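Following: one structure in structure tokens, then a few remarks.
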């Protein structure tokens, strides 16, 4: 029942392992999710395709605090009377970088009319105001020139279609009417295309670079003085070799600024366990093992049902039809002070014995 694995001991001064269902208060998991660790390992190894692996995560943190931050939220529409008017610096809108143009001071202000606003960039504000005027001019052209022209051409097309119904399909007159009808259809398509390109280039694209954002004060949870013990195993030994060779390329876990210090990376041989052992570190435990009472709580010398916090932790993902990531979530219990007992080979529970007689309980998920 022995299994080869890699043991990593990591430290972080602070981190937020964000729970995706939280918004107003960005709550954190007590330990990094499996997907976060696997993603960091893939990045460190330079993988562009998924390499399957199983992970055991345990550890502890010194304290948890809440920090205040200013949240920026881009509105779906460019309102003229609220928020902060900005111009995006990336025309493709793939970047969130922007330049502040002006900010409304109160309700019912107007960027276009320059009323009750604080101006940060007069030149960009003038560009925005010019585009608002251009939008009205485009609408006038659409209503007063394009629309009447399309109505005239559609009436002509309708008249030719009726004329064709009265003619013998084998006659020259039918062919002439048919050709004239096709020519009218081409004129309609060309008129629409020409106006659409003009509207897009003269107004829609430049105007789309202006956005309105709102700000609000929110908070997020921060763990401090974090120690993590992570065990990794895989059926493909080459994957483990890659991880061991690139482990010091791991830069962060959680946010990009949540830097990691790799204290230890070691090849280990995990053993089965026939005796009752107690954990030192809180860990993510496979919920199935908890329900089968392979993992218990030690209380006053007696073993009893373990208590903890249940999570559905993301692990690997696939790409759905809409391009979104669909995560395979693993049901776990986050708990501390537990013991393992009556372990069998297929339980995924092992012991990593250290040279000083100490050990880590390893529960692969």
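The values are calculated or read from the model by the stated rules, or taken from the named source; none is laboratory data. None of these values were measured; they are calculated from a predicted model. Methodologically, a virtual Cβ is constructed for each residue, glycine included, from the backbone with ideal geometry; neighbour enumeration extends over all protein chains shown.
Here is how the numbers come out for the structure above:
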item: Subset of the range 96-129 that is touching a helix residue (DSSP H, G or I) at 6+ places or on another chain (Cβ under 9 Å) and in a helix (DSSP H, G or I) - its residue that is surrounded by the fewest Cβ atoms within 10 Å (Cβ to Cβ); result: 127
item: Residue among 271, 299 that alone is modelled with pLDDT under 95, within 19 Å of residue 54 (Cβ to Cβ) and more than 36 Å from the chain's Cα centre (by Cα); result: 271
item: Filter result for residue 229 (in contact with a strand residue (DSSP E or B) (Cβ under 7 Å, 6 or more places away or on another chain), free of Cβ contacts under 8 Å to residues at least 60 places away in the same chain and surrounded by 14 or more Cβ atoms within 10 Å (Cβ to Cβ)); result: no
item: Tally, over the range 44-58, of residues that are in a loop (DSSP other than H, G, I, E, B) and in contact with a strand residue (DSSP E or B) (Cβ under 9 Å, 6 or more places away or on another chain); result: 3
item: Search result, residues across the range 302-331 that are under 24 Å from residue 353 (Cα atoms) and either surrounded by 16 or more Cβ atoms within 10 Å (Cβ to Cβ) or modelled with pLDDT of 85 or more (or both); result: 306
item: Count - residues of the range 17-43 that are buried (at least 19 other Cβ atoms within 10 Å of the Cβ) and either part of a strand (DSSP E or B) or in contact with a helix residue (DSSP H, G or I) (Cβ under 7 Å, 6 or more places away or on another chain) (or both); result: 4
item: Residue in the range 338-348 that is within 21 Å of residue 9 (Cα to Cα) and either part of a strand (DSSP E or B) or at pLDDT 90 or above (or both) present; result: yes
item: Verdict on residue 187 being out of contact with any strand residue (DSSP E or B) (no Cβ under 7 Å at 6 or more places or on another chain) and either surrounded by 14 or more Cβ atoms within 10 Å (Cβ to Cβ) or more than 28 Å from residue 134 (Cα to Cα) (or both); result: yes
item: The one condition in (1) without any contact (Cβ under 8 Å) to a residue 12 or more places away in the chain; (2) farther than 30 Å from residue 5 by Cβ; (3) loosely packed, with under 15 Cβ neighbours inside 10 Å that residue 208 fails to fulfil; result: (1)
item: Strands (runs of 3 or more DSSP E) lying entirely in the range 239-328 (those with 3 or more residues that are over 30 Å from residue 11 (Cβ atoms) and without any contact (Cβ under 8 Å) to a residue 40 or more places away in the chain); result: 302-305
item: So residue 332, is it within 20 Å of residue 280 (Cβ to Cβ), out of contact with any helix residue (DSSP H, G or I) (no Cβ under 9 Å at 6 or more places or on another chain), in the same structural domain as residue 306 (by TED's automatic domain parsing) and in a strand (DSSP E or B); result: no
item: Criterion (farther than 26 Å from residue 242 by Cα, assigned by TED's automatic domain parsing to the domain that holds residue 58 and loosely packed, with under 12 Cβ neighbours inside 10 Å) met by exactly one of 288, 345; result: 345
item: Residue 145 vs. criteria closer than 30 Å to residue 198 by Cα and free of Cβ contacts under 8 Å to residues at least 12 places away in the same chain; result: yes
item: Residue check for residue 7: assigned by TED's automatic domain parsing to the domain that holds residue 248, closer than 20 Å to residue 221 by Cα and surrounded by 17 or more Cβ atoms within 10 Å (Cβ to Cβ); result: no
